[in-house]
Each structure stands twice: as C-alpha cells, then as structure tokens.
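A short reminder: the numbers here are calculations on the coordinates, not readings from a lab. Please read all numbers here as calculations on a predicted model, not as lab measurements. Quick reminder, even Gly has a Cβ in these numbers, built from the backbone with ideal geometry, and neighbours come from all protein chains shown.
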C-alpha cells in the first residue's frame, strides 16, 4: 500500500479517537455509538482525496462533534 | 428582593463589575423613575447603582467571566424546542444544534429557565431579535400557566424609527421631554416627579401629547428628549453609550440636538409564575390549589415572581434577575448533589414535540412565516398598545385567532435542511411568539380595569376590590382558546417583624 498522506493520517487518527471514546460508553448503548461513527465517516467516503478544503472542514466538524459526544453525560445516540 | 439588594451589589462588585464611582471611591448612585423615600412621601431617592449607562452589559460580561472560572459546560448554537415532562415534573429539554442539525434530549434533575421576554411580538420594541418568549411558550406547551401577560411595559424613550433604547438614566441625569411647542409637558401630567414619574405614566403622557396633535416631526408622531442643556463632560462621563447610540441610530449629536423618542415595548412584566425561591408554580387541576413543579425553576424576565406587579421600576429587572437567579441556585444546591440518579423516562419522550417540529419543517403552504410574523406584530402594535379599549382588544383577539389559523394551515417553510436552517428556527420562534401574543390579548380583554401599564380607556380607574389578583393563562397549542384564570396576590411580606407589608395607595405624582 502506498504511504498515507498527512491528511489521510489525520482522518484515521480522528476515527481511532472516536472508537476509543465509544469504549467509554455504557455497554448497552456502545453499539449505537459505534454504528453512528461508522455511518458518519461512511457518508463522505466517496470524496476525492485531493479535495483538501472539504476534508479539512469535515475533520474540524468531526472533532467538534467528538468533543460534545465524548462527554460522560452523553449516554445514548440514535440515527 | 429589597433586603438582598445591597448584598447583591457588593457581591457583583467583588466579582469585578466596573461600577461608576464617586470622588471618594464609593459606588455611584443615581436617581431613577419611581424611586422615592418614605414610601412616596419623601421626594426622589438616589439609590440606583450604575456602571455608566451600560450596567446590564457590564453585568453580563462580569458574570460570564465568573462562570468560565467554574465547571460550566456551554452548548453554543443549541436551540431549545420543548421541555420534557414526566408526570407533571420537568426532566429535561429537547433541543436542536443549529450548527450540525442534530437533535438532543438533555436530561437534568433541575432546569432553570432564563430565556427572557417576548418583546418581538410587537412591531416596535427595544428587545433583541432573540427576545421571542421561548421559555414562556415551552411552559405553555407543557400545560402550565403563565401569569400577568397583559402587563407590557412601554418604555418612554425608544429612538423613533430604530426602536433602540435610550436609558432612563438620561432622564435621571437631568434630561427632559419636549413636545412640538417646546414645552416640558411632563410638568402638567406629574407635577412632583415630572420626567421621573413611573414609566407607564410617562408613556401615556407622551401618547396623549401625540394624539392631541402636539407631536414633533413631519408626521407629528414622536416627542423630543432634550439632553443638550447638560454639561458636555457629564454626558461623556455618565452617558457615553447614549451619545454613540443616538449618533448611530438617529444621526444626532446629543450635546447639540434633542433625540426623537417614542414609547416602545421594553419589558414584559408577565411570565412563568414562581415563588420567592424561583420554583415554578402551577394550579392543580383537581384541587385548584397551587403547587410547585418539580425540577423546574425560572428567573429574570421569563419569570413573574412577581416583584414588578403591573409596572416595573427602572433598574429592578437586573436586580430581580440576580437576586432570584441566586435564589434558584441556592434552592438547587440545597436539594441536589453531584451524581444523583435521574428519574426513569419512557423511551419515546419528546417524540411528539419532534413530530410537531417535523410537520413545521415540511409545511408547504402559501404564506411565509415572515409574513405571518409581520401581521402579528402589526396587530399587537395597533390593537394591544399603550391605550386599550374593548373594541380594539376584541378586534385584536379575532385577528390573532385568524393569524394563528394561518400559521396552522397555510404556513410555508422553504428551507428543508437541518443545518443552520434559520427559516425553521425563526418559524419555531414565531410559534412561541404567537402563543405569547394570544395569551397577552386574552388576558388583556378579560381584565376590566386600568392598572399600571394595562390602561383601558373604557375602565380608566384601578379597581382593587374586584381585580387585585394575578391573571393566569393557559394555551397548549396555537389556535386553542386561551383559558384565563386568577390567583391571589400575596399581600404580606416574608417576615412581618423585619419589614411590614406596604399597603397599596392611589398613585399620584
């Protein structure tokens, strides 16, 4: 596999952080959080890997969402 | 509130609020309308602490700074849609993040409403665009009553055209009102207090002057506030914000020319009924007695404790907010601890509010929500204004009924997305404004006397025997008939030993 670019590594870092946050959630609802994470990332999989502006925006948006949802008070997620 | 006032000012000053100071370093106190010594018989009182002319602004930033020091989690750009209620107790809020269009059910043991008033239901008001009665409407949709909605304060000095407020402090520092003939007309209406009479008296006097043809300007529809006779350094030291506001919004240099002003909607005395601890009250439908709603508190303009009655004195809104906000906090701290469990809630709680929101988002009618809002504001401004008659109120109620039907059946929301959908958010705010307006119109029609800011030309006197009571209004859904009920006024103080109750007397200046 070709070497990953800096941007690709950032996306994977965010995904890893999300999955780690899912592990802190209560057992009954953990699957909901993991499904949500995969769906959110899956929404933009078809993006051109050279579309740097959009990718960076989505990274910022994802980080903001992670900051809210990883709080201990958030216990379930739907959709 | 009066007992806690001095302590509160010291507490704010210790937080770092930049009050104006006198030469010897004490907090500067100015005269403000309606404040007197010896229960009205001792002349004007000088007890309003101020920070130049932007006390509220200074308080906001001081308290925000303090809140950042403590463990406060701010959810910015979240719009609260409805309260979540289980068995008559409040368990949380349903809200929407405008930034990414997600919906959140936030569960909490205690919810404090501090959403402000509903000035935007009028065409000309001094309130911000966000003053849309969200808290009042959420409470109404939860089946709880709102109190004293018919008392809307018209502030005498809002800039003509823009509606921006010129603070009462301008009159407190020596400014006075002039009509087209250059006469200080307030001397006729309130010989003792003159321009520092209570706000409703001044607004009514201004309206009478304009109606009798002595208004200023080409349309003779406003009066002038003269400040140019005051020394320049006094103006720039004590009233700098007004100098800038007048030059930006009216294009006037206040050291040379008078400001054109008009009575503008400023404050809503009515709101969610609470007790002195800030807990929201409701009337039990079975027994007819009052009881508190668990888990729900309210403070500020959204609440009606009510310390303002039918007319609010200047500077008391900030005091009310700080004192009773603190009272809510102390009551919550007494009853709750970190880590206490939440009540069990059904899985589908909040789904009906969501369904309503979805229905609004998908509406495909022919009337835009901006049009409905403009219609409502005009009806309120003409029919339910400073002076009210039975005819104008009945016509107003009927027109509001039609507008609410239009909202239910003919609404069109053009933007269907969930992210930053200002069309949807403004329509939800319009829904909140409509129920506030309908309840205002309903209780105004029912109250057949003149009291404070509710002035009826067909019932010009105050009737303490029949009408010394709070009005309560209920309206669950827009278009529903507004139910009006009443509640006794608390005539005694909390501790008769410390401070005797002040009996009501006829107001005369």
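Could you count how many residues in the stretch B:19-42 are exposed (fewer than 14 other Cβ atoms within 10 Å of the Cβ) and touching a residue at least 40 places away in the same chain (Cβ under 8 Å)?
1
Just checking, does the stretch A:49-66 include any residue being away from chain B (no Cβ under 14 Å), in contact (Cβ under 8 Å) with a residue 40 or more places away in the chain, over 23 Å from residue B:75 (Cβ atoms) and touching a helix residue (DSSP H, G or I) at 6+ places or on another chain (Cβ under 7 Å)?
Within the stretch A:49-66, one or more residues are away from chain B (no Cβ under 14 Å), in contact (Cβ under 8 Å) with a residue 40 or more places away in the chain, over 23 Å from residue B:75 (Cβ atoms) and touching a helix residue (DSSP H, G or I) at 6+ places or on another chain (Cβ under 7 Å).
Taking residue A:38, is it away from every other protein chain (no Cβ under 14 Å) and either exposed (fewer than 15 other Cβ atoms within 10 Å of the Cβ) or under 12 Å from the mean Cα position of the chain (by Cα) (or both)?
It is true that residue A:38 is away from every other protein chain (no Cβ under 14 Å) and either exposed (fewer than 15 other Cβ atoms within 10 Å of the Cβ) or under 12 Å from the mean Cα position of the chain (by Cα) (or both).
Considering only the stretch A:18-25, I want to know if a residue exists there that is surrounded by 15 or more Cβ atoms within 10 Å (Cβ to Cβ), closer than 26 Å to residue B:108 by Cα and within 14 Å of another protein chain (Cβ to nearest Cβ).
Our first condition is that a residue be surrounded by 15 or more Cβ atoms within 10 Å (Cβ to Cβ); within the stretch A:18-25, this holds for A:18, A:21-22, A:25.
With closer than 26 Å to residue B:108 by Cα added as a condition, the list becomes A:18, A:21-22, A:25.
Then drop every residue that is not within 14 Å of another protein chain (Cβ to nearest Cβ), which leaves none.
No: zero hits.
Of the residues A:32, A:76, which single one is farther than 17 Å from residue B:100 by Cβ, within 14 Å of chain B (Cβ to nearest Cβ) and in contact with a helix residue (DSSP H, G or I) (Cβ under 6 Å, 6 or more places away or on another chain)?
Just a single option satisfies the conditions, and that option is A:76.
Could you figure out which of (1) touching a residue at least 12 places away in the same chain (Cβ under 8 Å); (2) closer than 30 Å to residue B:94 by Cβ isn't true of residue B:387?
Result: residue B:387 fails condition (2) only.
Based on what the data block shows, is residue A:70 more than 13 Å from chain B (Cβ to nearest Cβ) and on the phi < 0 side of the Ramachandran plot?
Working: more than 13 Å from chain B (Cβ to nearest Cβ): no; on the phi < 0 side of the Ramachandran plot: yes.
So residue A:70 fails the test.
Within the stretch B:42-78, how many residues turn out to be within 14 Å of chain A (Cβ to nearest Cβ) and part of a strand (DSSP E or B)?
Number satisfying all stated conditions: 1.
Against the definition (surrounded by fewer than 18 Cβ atoms within 10 Å (Cβ to Cβ) and touching a residue at least 12 places away in the same chain (Cβ under 8 Å)), how does residue B:482 come out, yes or no?
no
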